[in-house]
Amino acid sequence: MPIIAQQHAWKDRDHVPSAAWPEDCYVQWGGNGVVLEREGGGYDTAFFEAFPKAGGFIRGEGETIAAAEAAALAQFRRESGCQHRWSRKDYTNGGTICRDCGGFKMTMKPIVSLGSWREPLNSHELDRAISGDLAPSPADDLNTPGRARRSRRAWLRLRMHGFLLPEIPAEADRDCVLKESPHGRACRDIICEKIHQAGGFDAALPPEGAGAMSMLFGALSRLSLQSAYKAWQRDRAAAEADDNQTPTMEI
């Protein structure tokens, strides 16, 4: 059985991944994913994503999660038998695409953009923090080389832009594999409060980038952020309603 993402303790938890995946492969899935096309259109689809130990990223899509997993598993097998000829394509972060099997893997050094520290925050950075992904994961040593460095950079950029998040835990919390991360929840409250103070979601997070990949990942992260912000608003409203209904004792 592969390593299952922690959110599936409560989200799309009815799906059981195939035992054909390696035990050290990290997987996640969803019944409704958003895909943007280069022509500007888009569609919803079930998806299945896998992060093999050797690195890389595999995504399958289909009418159901099971069909999406079958597509991802077929791609995993193609990549496993390929000798690979890597090319940067449009990536500048070190990501590369195999010319033969179409696989993705971080095989090159990033192309450094001077002054990138001071660029506006993007929704992917905020989404990582809200989901608890800045904190170490039990699967880090298996399939995410350099993750701690990238998390630290994102954390510093968030603080530089006024999001004073709690310190990143030094070690993975093994108790959070199947439940929400306390660090992620603390980050969610701070980020959502900041969004609220800025006038709401659309005011605080204007649309990003015009590139195809920026549009894709930006859209996915924005949807995730918007969902988290709405949940935070509901929790806030419920807490305020409880406070208003709490009887006071007359002295």
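If the reach is capped at under 26 angstrom between alpha carbons, list the lysines near residue 89, excluding any in the same chain fewer than eight residues apart.
List returned: 53, 105, 109.
So how do 86, 117 rank on accessible area, 1.4 Å probe, biggest first, that is with the largest at the start?
Highest to lowest solvent-accessible surface, that is 117, 86.
So, in nm, how far is label residue 23 from label residue 230 when the simple model puts each one 7 Å beyond its Cα toward the Cβ?
Here the answer is 4.1 nm between the modelled labels.
Show which lysines lie in cross-link reach of residue 11 when reach means a straight Cα distance below 23 angstrom and same-chain residues fewer than eight apart are skipped.
179, 230
Grab the beta carbon distance between residue 170 and residue 53, set R0 = 35 Å, and tell me the FRET efficiency rounded to 0.05.
That pair, residue 170 with residue 53, gives E of 0.90.
The values are calculated or read from the model by the stated rules, or taken from the named source; none is laboratory data. Just so we're clear, the structure is a prediction, and the values are computed from it rather than from any experiment. Please note: Cβ atoms are built from the backbone with ideal geometry, for glycine as well, and neighbour counts cover all protein chains shown. Quick note on the areas: whole protein, heavy atoms, side chains included, nothing else; ligands and nucleic acids left out. Shrake-Rupley method; radii C 1.70, N 1.55, O 1.52, S 1.80 Å.
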